[in-house]
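**Q** Sharing a structure, written as structure tokens. Questions coming.
The values are calculated or read from the model by the stated rules, or taken from the named source; none is laboratory data. These numbers were taken from a predicted model, which means no experiment stands behind them. Here Cβ is always computed from backbone atoms with ideal geometry, including for glycine, and neighbour counts include all displayed protein chains. Just so you know, the surface numbers come from the protein's heavy atoms only, side chains and all, with ligands and any DNA or RNA stripped out. Shrake-Rupley method; radii C 1.70, N 1.55, O 1.52, S 1.80 Å.
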Amino acid sequence: MIRLPDHAACAIERLEAAGFETWAVGGCVRDSLRGAAPHDWDLCTAARPEEMQAVFAGERVLATGLKHGTLTLLTDGGPLEITTFRADGGYSDGRHPDGVRFVGHVEDDLARRDFTVGAMAWHPERSLCDPFGGQDDLQDGILRAVGDPDARFQEDALRILRAVRFASQLGFTVELETAAAMRRQAARLDCIAAERIREELTGMLCGRFAQRALMEFTDILGMVLPELVPMFGCAQQNPHHLYDVWEHSVRATGQVPAEPVLRWSMLLHDCGKPACKTVDENGVGHFYGHPKASREIAERILRRLRFSNEDSERILLLVEQHDRPLGDTDKLVRRRLSQIGEDRFRDLLAIKKGDAVGQGTHPEDVAWLYGMERCLNDVLAAESCFSLRQLAVDGNDIKALGLSGPAVGEMLHALLGAVIDGQADNTREALTALARARMEERHDE
Ligand code: ATP
Ligand code: MG
């Protein structure tokens, strides 16, 4: 039994009152049946696009997908996507259906969908429509292609990544024939647009079961992220590490909060290791310079996948700095805060924790990082000064002392450094006096 939210129930009623069979369909049915809250509700209907428009005349609608039979109804309960029952035509390019054909029955519409657990429809009176055994698969936690898996992945290779994403998000096992077909067809992923690959990978990385899915489908990941292939099986030969570079990275990824920037940073933080590996005379592996090498590879990947500048910058900073000490004294914490700010500092802490846990060896490193986090919280709670904004003097005060041009900024930074290092109190008197003294020193030189 599924309880539809009012906006979906109401739209179904209106379409049915006008004579058009209409159902809730896809992810919302799957999620409701497994006891999770759907993040959006989709409907499918016998009404053609122009008939939907007539039923919802005067309402707020978006007609952007109309050609494919989709109308978005903007309701107080959120946007509702309503799509005419359709069957997709051939897929000669492995990406887009050559044409859509509107069909009369909900079962035909369900047959075009990729996985059985997403190929179910629900109606408040007619209840569940489940022609492909989706409910059984849902109960057993199985992800199975609808129909012939090879054919389905040939039609649209993005489905291969969707399968790994669902495995990661739902913790489902991919049925054997489906998994085998994913591998057989994986070369077709090269015709999928970078943005869509990025979105699926991000969903995959942020899933609750990411670690398991990434390890199981490492080979498929290698098809879309070939830069990472050298990590697979790359032994660390180092007492600090229990796992090879890839497994360490995947385990670390599963450890950080499920936030795209953090998960991507963790996945990529060591991608430069294979290129930097050396083995010393004792047989111990070293990876000198790997953060910078990782940054360079990561930059190529992020550009290819068309990440926003903002996300790229955040990820690259974390990759490059993951190995640098953050500082565990008030003074060092203030210094670091002045360089990167609180948000990046907290990101780095998360990355360092993930890295430490993912090494599988030194639990004391993790405890130490919690100590550092306490230190950060203390510094922030004490409202210690670590940025120009918090400094007790500003540019005007410095100009009043007779400096001008770039010298003003230089002086402010010098004063901030003195406050951070505990050499001066953050008061107008102390800082004005210090500035005067510095100006005189310079004068004498
Ligand atoms: P979620 O929204 O939670 O990621 P979902 O199953 O709702 O999962 P959507 O991408 O929102 O996925 O798509 C809605 C439905 O449309 C799916 O359940 C599936 O039935 C169908 N679908 C989406 N993309 C494809 C595709 N590439 N091939 C076949 N069917 C698809
Ligand atoms: Mg959905």
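Residues checked against (1) within 11 Å of ligand 1 (Cβ to nearest atom); (2) within 24 Å of the chain's Cα centre (by Cα); (3) surrounded by 17 or more Cβ atoms within 10 Å (Cβ to Cβ); (4) not in a helix (DSSP H, G or I):
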{"position": "PHE132", "(1), (2), (3), (4)": "yes, no, yes, yes"}
{"position": "ARG162", "(1), (2), (3), (4)": "yes, yes, yes, no"}
{"position": "PHE166", "(1), (2), (3), (4)": "yes, yes, yes, no"}
{"position": "GLU177", "(1), (2), (3), (4)": "no, no, no, no"}
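**Q** While we're looking at this one, here's another question. What tally of residues in the stretch 396-445 results from selecting those that are open to solvent by 70 Å² or more (accessible area, probe 1.4 Å), farther than 20 Å from CYS385 by Cβ and assigned to a helix (DSSP H, G or I)?
**A** Total satisfying the criteria: 8.
**Q** Can you list the helices (runs of 4 or more DSSP H) found entirely within the stretch 230-312 that contain at least 1 residues being in contact (Cβ under 8 Å) with a residue 12 or more places away in the chain, under 21 Å from HIS362 (Cα atoms) and of a type in the set (A, V, I, L, M)?
**A** Counting at least 1 such residues, we get 245-255, 260-268.
**Q** Could you tell me whether VAL245 is buried (at least 19 other Cβ atoms within 10 Å of the Cβ) and in contact with a Cys (Cβ under 8 Å, 6 or more places away or on another chain)?
**A** So VAL245 passes the test.
**Q** Sticking with this one: Just one of the numbered conditions (1) away from ligand 2 (no atom under 16 Å from the Cβ); (2) within 24 Å of ALA8 (Cα to Cα); (3) surrounded by 23 or more Cβ atoms within 10 Å (Cβ to Cβ) is not true of MET120; which one?
**A** Condition not satisfied by MET120: (1).
**Q** Here is a follow-up. Looking only at residues in the stretch 360-375 that are in contact (Cβ under 8 Å) with a residue 24 or more places away in the chain and not acidic (Asp, Glu), which one is nearest to GLN255 (Cα to Cα)?
**A** GLY360
**Q** If you check LEU138, LEU128, LEU110, which single one turns out to be part of a strand (DSSP E or B) and closer than 27 Å to GLY35 by Cβ?
**A** Result: LEU128 is the single residue among LEU138, LEU128, LEU110 that is part of a strand (DSSP E or B) and closer than 27 Å to GLY35 by Cβ.
**Q** If you don't mind, there's one more thing I want to ask. For ARG183, all conditions in the list (1) more than 22 Å from the chain's Cα centre (by Cα); (2) more than 12 Å from ligand 1 (Cβ to nearest atom); (3) open to solvent by less than 10 Å² (accessible area, probe 1.4 Å) hold save one; what is the number of the exception?
**A** (3)
**Q** Which condition number does TYR370 fail, the rest of (1) among the hydroxyl-bearing types (Ser, Thr, Tyr); (2) exposed (fewer than 13 other Cβ atoms within 10 Å of the Cβ); (3) part of a loop (DSSP other than H, G, I, E, B) being met?
**A** With (1) among the hydroxyl-bearing types (Ser, Thr, Tyr); (2) exposed (fewer than 13 other Cβ atoms within 10 Å of the Cβ); (3) part of a loop (DSSP other than H, G, I, E, B) applied to TYR370, the lone miss is (3).
**Q** To continue, here is another question. Condition first: in contact with a strand residue (DSSP E or B) (Cβ under 6 Å, 6 or more places away or on another chain) and open to solvent by less than 20 Å² (accessible area, probe 1.4 Å). Can you find one or more residues in the stretch 304-326 that meet it?
**A** No, the stretch 304-326 contains no residue that is in contact with a strand residue (DSSP E or B) (Cβ under 6 Å, 6 or more places away or on another chain) and open to solvent by less than 20 Å² (accessible area, probe 1.4 Å).
**Q** Determine the pairs where a residue that is under 24 Å from ALA193 (Cα atoms) and more than 16 Å from ligand 2 (Cβ to nearest atom), located within the stretch 134-161, has a partner that is at pLDDT below 95 and assigned to a helix (DSSP H, G or I) with Cβ atoms under 8 Å apart, the partner being 6 or more residues away or on another chain.
**A** Close Cβ pairs (under 8 Å, with a partner that is at pLDDT below 95 and assigned to a helix (DSSP H, G or I)) amount to ALA157/CYS191.
**Q** Check THR218, THR202 and return the single one that is among the β-branched types (Val, Ile, Thr) and within 16 Å of ligand 2 (Cβ to nearest atom).
**A** Sole residue among the options that is among the β-branched types (Val, Ile, Thr) and within 16 Å of ligand 2 (Cβ to nearest atom): THR202.
**Q** Continuing with this model, one more query. Residues that are in contact (Cβ under 8 Å) with a residue 24 or more places away in the chain, surrounded by 17 or more Cβ atoms within 10 Å (Cβ to Cβ), outside the structural domain of GLU310 (by TED's automatic domain parsing) and in a helix (DSSP H, G or I): does the stretch 376-384 have at least one?
**A** no
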